[in-house]
1. Which residues, taken from the stretch 171-207, are aromatic (Phe, Trp, Tyr) and either farther than 19 Å from ARG153 by Cβ or at pLDDT below 95 (or both)?
2. Considering only the stretch 97-115, I want to know if a residue exists there that is in contact with a Phe, Trp or Tyr (Cβ under 7 Å, 6 or more places away or on another chain), without any contact (Cβ under 8 Å) to a residue 24 or more places away in the chain and not in a strand (DSSP E or B).
3. Looking only at residues that are touching a residue at least 40 places away in the same chain (Cβ under 8 Å), more than 23 Å from GLU91 (Cα to Cα) and not charged (D, E, K, R) in the stretch 26-55, which one is surrounded by the most Cβ atoms within 10 Å (Cβ to Cβ)?
4. Return a yes/no flag: does the stretch 145-154 have any residue that is of a type in the set (Ser, Thr, Tyr), closer than 22 Å to ARG41 by Cβ and outside the structural domain of THR222 (by TED's automatic domain parsing).
5. Does ALA12 meet the test of being farther than 27 Å from PHE212 by Cβ, under 20 Å from the mean Cα position of the chain (by Cα) and either touching a residue at least 40 places away in the same chain (Cβ under 8 Å) or surrounded by 12 or more Cβ atoms within 10 Å (Cβ to Cβ) (or both)?
6. If you go through the stretch 167-174 one residue at a time, do you hit one that is among the aliphatic types (A, V, I, L, M) and free of Cβ contacts under 8 Å to residues at least 12 places away in the same chain?
7. List the number of the failed condition for VAL88; all other conditions in (1) out of contact with any strand residue (DSSP E or B) (no Cβ under 9 Å at 6 or more places or on another chain); (2) within 15 Å of TYR5 (Cβ to Cβ); (3) β-branched (Val, Ile, Thr) hold.
Amino acid sequence: MWVSYPSRIVFARWQQRLNRFAGQVWLDDHVERIHIQNTGRLRELLVPGAQVALMARTGAHRRTRYSLVAVHTGKVWVNVDSHMPNQVTAEALAAAAMPEWPPLQVLRQEVRFAQSRFDFYYEADGFRGFIEVKGVTLVEDGVAMFPDAPTARGSKHMEELAKAVRSGYAGWVIFVIQRSDAHAFRPNQAQDPVFAEALYRAVAQGVQVCAFNCLVNPDRVTWNAFVPVYF
């Protein structure tokens, strides 16, 4: 199951990041300011001269003509669009493309529970539960890791998922690895020990975890395969 971009893709060379949401690239013969749809640090990806894929955007109130969607490492494309993990997960679940998951009778997005809004609510085979999706771009020696920067919001989501499980719901965290060169996943204890501990506590209380990698082209992302999760 794959998700493609609706607008045309153009290629450029990375120059520098200006702030969390903006960067500069060399496009044709000029410097272009672009929008970054990812608040992660992406330091290992956004290096000067790296080839990047941009999606053309239109709109009267836009300050930039393009959004960054993917970066080439020299070996593989890495999707860096923070909206893509949810889209790929939704398509895969709706189409029953993930063999470890039963067909879903109900799948709703952005559903509130307690003090959080989870990415998905589902019903399947008599179960009902919540799913939180986390996009992963960082890979070291074939192991994907999340997060690449401290995330208080992510820690809160783990606590709220555990609360949902205690209330009788199922709770899932799906780590979507936005590249194809990862064969395993683990939480990034060194970068954010608070999130890692929150995840460990959630799992101990019944929250379930899975991770899958994706085949990435500049203009589309395809669900590929589950990978083992190590703690």
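1. If the condition is that a residue be aromatic (Phe, Trp, Tyr) and either farther than 19 Å from ARG153 by Cβ or at pLDDT below 95 (or both), then PHE185 is the only one that fits.
2. Scanning the stretch 97-115 turns up at least one residue that is in contact with a Phe, Trp or Tyr (Cβ under 7 Å, 6 or more places away or on another chain), without any contact (Cβ under 8 Å) to a residue 24 or more places away in the chain and not in a strand (DSSP E or B).
3. Per the stated criteria, the residue is VAL52.
4. First, pick out the residues of the stretch 145-154 that are of a type in the set (Ser, Thr, Tyr): 151.
Okay, now just the ones that are also closer than 22 Å to ARG41 by Cβ, so 151.
Filter once more, so that each one left must be outside the structural domain of THR222 (by TED's automatic domain parsing): none.
Checking the stretch 145-154: not a single residue is of a type in the set (Ser, Thr, Tyr), closer than 22 Å to ARG41 by Cβ and outside the structural domain of THR222 (by TED's automatic domain parsing).
5. no
6. Taking the stretch 167-174 and keeping what is among the aliphatic types (A, V, I, L, M), we get 170, 173-174.
So of that shortlist, the ones also free of Cβ contacts under 8 Å to residues at least 12 places away in the same chain come out as none.
Within the stretch 167-174, not a single residue is among the aliphatic types (A, V, I, L, M) and free of Cβ contacts under 8 Å to residues at least 12 places away in the same chain.
7. (1)
The values are calculated or read from the model by the stated rules, or taken from the named source; none is laboratory data. Note that the coordinates shown come from a computational prediction; the quantities given were computed from them, not determined experimentally. Positions of Cβ are backbone-derived with ideal geometry, glycine not excepted, and every protein chain shown enters the neighbour counts.
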